[in-house]
1. Starting from the range 306-334, keep only residues that are more than 17 Å from V179 (Cα to Cα), then list their pairs with residues that are basic (K, R) and modelled with pLDDT under 85 whose Cβ atoms are within a distance under 9 Å, requiring at least 6 positions of separation or different chains.
2. Quick check, is A244 farther than 22 Å from G196 by Cβ and either aromatic (F, W, Y) or in contact (Cβ under 8 Å) with a residue 24 or more places away in the chain (or both)?
3. Just to be sure I understand the filter: pairs with C-beta atoms under 8 Å, separated by 6 or more residues or on different chains, first member in the range 31-44 and not assigned by TED's automatic domain parsing to the domain that holds I59, second member surrounded by fewer than 22 Cβ atoms within 10 Å (Cβ to Cβ). Which pairs pass?
4. Residues that are polar (S, T, N, Q), exposed (fewer than 15 other Cβ atoms within 10 Å of the Cβ), more than 30 Å from T48 (Cβ to Cβ) and assigned by TED's automatic domain parsing to the domain that holds W331: does the range 228-244 have at least one?
5. Across the range 311-325, which residue is farthest from D115 (Cα to Cα) among those that are touching a Leu at 6+ places or on another chain (Cβ under 8 Å) and outside any helix (DSSP H, G or I)?
6. Could you grab me the full set of residues in the range 193-211 that are modelled with pLDDT of 90 or more, over 17 Å from T341 (Cβ atoms) and of a type outside the set (V, I, T)?
Amino acid sequence: MFKRRRNALSEAPLWDIPEGTLDLLEILDAEYLLLAPGEVVLNSSRGTTSLGLVRESRITSEAIINLVRAVRRSNIYQEATVELPRGPVGEGTHDLLVRVSPFGSQGLIIVLIFDDSEFRRLDSIRRDFVANISHELKTPIGALSILSEAVLGASDDQEAVVRFAGRMQVEAKRLSDLVQEIINLSRLQDDDPLVGAKVISLSDLIGQAIDESKMTAEARKINVAFDYKSACQVLGDRSQLEMAISNLVENAINYSPDGTQVAVTLSSSNGLVEISVKDQGIGIPDKDLERIFERFYRVDPARSRATGGTGLGLSIVKHVATNHGGDISVWSVEGAGSTFTLRLPEYQEVKNSLEAMS
């Protein structure tokens, strides 16, 4: 396909790529970079964009650049494990196995990249998850057991049966919601959103989340305002981002007094997109701020039960942010409301050198 490129002025060959090379690289179970002298990226797989490895035809990882230079000096195959941030903010990382080899006689280099981070984290995540969930499921299941016994014991008292049956419906819904959140969190932990990522307009997702919560907000006379100056695009998984944004909007409504306002803003700066959700609710005590993104942690358990909270919503938001190379933060004062800010890397289209010269 890209067998030969020539300098437009001198007509001297700059490099030769054997025919079929790029087709072969595409079928490998790895991401790849094809480099010319000077570490210019001639061609790369789509996954390298999701990993943030290439910017303006240059490699962004200093560790990989050093590995490539070592191969150039020795002309010998090298491999190493490289830890790569998932984005410019947040705690998420990719654990990459990088293999670098000389290619041909013109100074070309091939870099093969295998992402092992999924295999390394899944085992520890599942162990923690099972330990947490076994405890959380006991509460609604135990309540249903006790209530069913109460119904049987009050079979001659119609009023008591109706009262206990109503409580059973509440607990059954709580159990159903909890199971659904567990399923959602499990999917987040199993799926890497940057594998097969797509370009997504955040203004559309936010508008959708606000529409879905409209009935709940209107019933309590809560106004949800949305302000943005541009659509803002990110690279990721639509369903995961939709889940995170919906959780933030619903959380703000649930913890806001009737007749107040929830403000959602979308902006971008320095390569980052920010989604802020501000409420006029009860606020969060200082002692709880550091723990609210933990699985099943509730600031006010009684309030969570009243609003149908499972204690997993903010944990889901954190997982989505981390998996997309971003982060989530909160500002809050008791009695003055809270502002949650989700930051994600803004999508910027990357072109390979060969595509730019075509």
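The values are calculated or read from the model by the stated rules, or taken from the named source; none is laboratory data. No experiment lies behind these values; they were computed from the predicted model shown. All Cβ positions, glycine included, derive from the backbone under ideal geometry; neighbour counts span all protein chains shown.
1. From residues that are more than 17 Å from V179 (Cα to Cα), the pairs are T322/R86; N323/R86; H324/R86; G325/R86; G326/R86.
2. On the way: farther than 22 Å from G196 by Cβ: no; either aromatic (F, W, Y) or in contact (Cβ under 8 Å) with a residue 24 or more places away in the chain (or both): yes.
So A244 fails the test.
3. Nothing qualifies.
4. The answer is no, given that none of the residues of the range 228-244 is polar (S, T, N, Q), exposed (fewer than 15 other Cβ atoms within 10 Å of the Cβ), more than 30 Å from T48 (Cβ to Cβ) and assigned by TED's automatic domain parsing to the domain that holds W331.
5. So, considering only residues that are touching a Leu at 6+ places or on another chain (Cβ under 8 Å) and outside any helix (DSSP H, G or I), the one farthest from D115 (Cα to Cα) is L312.
6. S201, D204, G207, Q208, D211, listed by residue number.
For (1) among the β-branched types (V, I, T); (2) assigned to a strand (DSSP E or B); (3) modelled with pLDDT under 90, each residue gets a yes or a no:
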site: L67; (1), (2), (3): no, no, no
site: A70; (1), (2), (3): no, no, no
site: R73; (1), (2), (3): no, no, no
site: A80; (1), (2), (3): no, yes, yes
site: L84; (1), (2), (3): no, yes, yes
site: G87; (1), (2), (3): no, no, yes
site: E91; (1), (2), (3): no, no, yes
site: D95; (1), (2), (3): no, yes, yes
site: V100; (1), (2), (3): yes, yes, no
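Let's see how each residue does on (1) under 30 Å from P88 (Cβ atoms); (2) modelled with pLDDT under 80:
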{"position": "A306", "(1), (2)": "no, yes"}
{"position": "T310", "(1), (2)": "no, yes"}
{"position": "V320", "(1), (2)": "yes, no"}
{"position": "V330", "(1), (2)": "yes, no"}
{"position": "G335", "(1), (2)": "no, no"}
{"position": "T339", "(1), (2)": "yes, no"}
{"position": "Q348", "(1), (2)": "yes, yes"}
{"position": "K351", "(1), (2)": "yes, yes"}
